[in-house]
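Student: Have a look at this one before I ask anything.
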Amino acid sequence: MFARFRPYYRYLRPVRIHFFAAILLGVICGGASGGGIPWMIGKVFKPFFENAGADRLGTWALVGLLTLIPVLIGVRCLALFLNTYLVAYCGTVVLEGLRGDLFAKFQRLPLGYFQKSRSGDLLARGVTDTQQVQQTLVTSANDMVVLPVTFVGAIVYIVYTAFTVPGAGLFLLGLGVIPICVLPIRVIGKNLYRRAQQAFAAGGNVSELLRENLSATREVRAFGLEERERSRFGAGIRRFFELQMKVNKYAFALSPLIEFITVFGIAGALFMAYRAQTPWNSVFAMITALYFCYDPMRRMGKLQSEFTRGAAALDRIEQVMKEPEPIADPAVPKTLGQARGEIEFRGVSFTYGGGTAEEVVLRDVSVHIPADSIVALVGPSGAGKSTFANLVPRFYDATSGAVLVDGIDVRDLRQADLRSNIAVVSQDSFLFNDTIYNNLLLGRAGATRAEVEQAARDAYAHEFIVSVLPQGYDTIVGERGTSLSGGQRQRIALARAFLRNAPILILDEATSALDSESESAIQKALQKLVVGKTVLMIAHRFSTLRDANLVLVFDRGQIVARGPHAEVYRSSPLYRGLYDQQQIA
């Protein structure tokens, strides 16, 4: 089990000096406990049982002898404190490294992975599971040194005393119960591992239920779902409680069970010592030494529980860390620089998650889009419009065929280089819980204050920022920008696109679900934004497509018509029907 965690001890490298110091202090603490304390008891108690009359110790001799107690215990306590503190420090560093690597992995995984995963469960893996692995890596690693040293120190003292004190050799029989302690550790450990995996999964489910509820507060109240949500969450936490208690049952049963087994060894040793008339100071010392033999065994049972829970948590983390990264930078990337904006699809087909032929989203799509073109992507829902646009910034890779920008296959470019030439404005643009200014600055990190404000003016956002928001550009927008209206959020998103000034612009339903006033302001902003850019414009509202010079009509993953609006209107019944239906509405 210990070898299971060996690859992850690399997280201790930055603090290896601190960790080795903690181990050394643990050795001192373990030696002082297992061998030092029994030796001290034998020395200190001997005069109380053997000396009488003239043989009694003088005051200063007695003080000197009793000084052994605070000195030895002081060394042990100081070593224990420093050991615990350094272990906690190392544990924090391990946790930081593990969570950092897991978070970095999340950034590299394709969008398809998150579409099939529950974000609440991923959150639990990044917080709860990493915490468990950190505790196992550091605390258990420390105990793997301290406990054996304590055990060996006690054994050495028992063996030494057994051969130097008359009758003390019978105490060696008390060590006979130690092999028996291994049996419950092995049996309970197997059941604990299985239950721990189930408990971690149930904890991830509780996190997902909570995240989902907090993300849908409006819908829950609008549809009167409060009782339903309480029932769902209650069922989730009850299931988690049941599994957690089963984990606790196995974990907490080990120590009492081992302790119960070891008392038979102590009782047997006392029986033999009484019959052999072993000196009582030696009896006390040997009983203490036996305790320091049994206590590491008891704590090793807890350590086994810790390793088992850590292994279950590690399995869940490794499921993420070992997830393939199909969208990766090439070993020798080509240089794009500032793109012209020419886009070409050559025989592109795409299927989400390697689905069947019936699940193909795009089928053998080929189209050439010259630079500075404004292209409208039109068609019914699920026809493949958004997938077509998402292949350009390489959010996904084509299943077959190739997507090219300026004649270069996007798979031959660094993702950062490719995406620096693309700006995306979606239907529900995400705003971070930060200031308006910092959210705008995401468009181009090195922009000046004047450039940021000019981008806001171009997007017709500057006026409401300075006149409506209480702190202007320094106003915190709230989680997901909830303090702003939908139209205000879209104008902030457009301002980011102005600031980015990328040669390729993707507008994915950018004006849907807006009131007429907001749509009018955004349409004015879009007329400025699209100048000199290659634009892919996805919209169900045909009023937003008036500036397009090329219309691509999608149906069931294929482009069924293409050309200017008038030409496509005449030649495509599908496009004509969609257009006329909206005009009538």
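All of the numbers you see were taken from the coordinates with simple rules; none came from a lab. Computed from a prediction, not measured in an experiment: that's the story for all the values here. FYI the Cβ positions are ideal-geometry reconstructions off the backbone, even for glycines, and counts take in every protein chain you see.
Student: Using the beta-carbon distance between Ala235 and Ser400 and R0 = 41 Å, what value does 1/(1 + (r/R0)^6) give for FRET efficiency, to the nearest 0.05?
Tutor: The pair Ala235/Ser400 has a calculated efficiency of 0.40.
Student: From the residues Ala561, Ile317, Pro279, which one has its Cα farthest along the dipole of the chain in the positive direction, the dipole being from +1 and -1 charges on Cβ of Lys/Arg and Asp/Glu about the Cα centre?
Tutor: Pro279
Student: Treating only the Cβ of Lys, Arg, Asp and Glu as charged (+1, +1, -1, -1), what charge dipole size does segment 304-448 show about its Cα centre? Round to the nearest 20 debye.
Tutor: On the way: 13 positive and 19 negative charges, 41 e Å.
Magnitude of the dipole: close to 200 debye.
Student: What distance in nm lies between label points placed 7 Å from Cα along the C-beta direction at Arg228 and Met321?
Tutor: 4.0 nm
Student: Here's a follow-up. Using helices alone, I'd like the mean residue ellipticity at 222 nm for the chain: each DSSP H run of four-plus residues gives -39500 (n - 2.57), total over residue count, nearest 500.
Tutor: My calculation for the chain gives -19000 deg cm²/dmol from helical runs alone.
Student: With each pseudo-label sitting 7 Å past Cα toward Cβ, what's the Tyr352-Glu479 distance in nm, one decimal?
Tutor: 2.5 nm
Student: Follow-up question, since we're still on this one. Could you pull out every whole DSSP H run in the chain that spans at least 27 Å of Cα extent along its own axis and averages 0.5 or higher on the Kyte-Doolittle scale?
Tutor: Span-like helices, by this rule, are 68-108, 141-164.
Student: Return the ratio Rg/(2.2 N^0.38 Å) for segment 343-584, where Rg is computed over Cα atoms only. Show your work: numbers first, answer last.
Tutor: On the way: Rg = 18.4 Å, N = 242, 2.2 N^0.38 = 17.7 Å.
After normalising by residue count via 2.2 N^0.38 Å, the value is 1.04.
Student: Going by C-beta contacts inside 10 Å, put Thr482, Thr59, Thr150 in order with the fewest on the left.
Tutor: If I rank by nearby Cβ atoms, fewest first, I get Thr59, Thr482, Thr150.
Student: Any idea which of Val159, Pro38, Leu578 is furthest toward the positive side of the dipole for the chain, if Lys and Arg beta-carbons carry +1 and Asp and Glu beta-carbons -1?
Tutor: Checking the options against the dipole of the chain, the answer is Val159.
Student: If packing is taken as the mean number of other Cβ atoms within 10 Å per residue, what is the order of 372-379, 203-210, 528-535, 229-236, highest first?
Tutor: Highest mean packing first, the order is 372-379, 203-210, 528-535, 229-236.
Student: Hey, could you pull the Cα Rg and Dmax for the chain, both in Å?
Tutor: Using the Cα atoms of the chain, the pair Rg, Dmax is 35.4, 126 Å.
Student: Just check segment 419-472 against the gyration tensor rule for me: Cα atoms, a ≥ b ≥ c as the square roots of the eigenvalues, rounded for a/c under 1.5, and otherwise prolate or oblate depending on whether a/b exceeds b/c.
Tutor: Verdict is prolate for segment 419-472.
Student: Could you tell me which of Tyr437, Gly472, Leu494 has its Cα farthest along the dipole of segment 343-584 towards the positive end, charges placed at Cβ (Lys, Arg +1; Asp, Glu -1), taken about the Cα centre?
Tutor: The listed residue farthest towards the positive side: Leu494.
Student: Would you calculate the separation in nanometres between label points at Ala61 and Leu111, each defined as 7 Å from the Cα along the Cα-to-beta-carbon direction?
Tutor: 8.8 nm
Student: A further question follows. Please state the charge dipole magnitude for the chain, taken about the Cα centre, from unit charges on C-beta atoms (+1 on K and R, -1 on D and E), reported in debye and rounded to the nearest 20.
Tutor: 1560 debye
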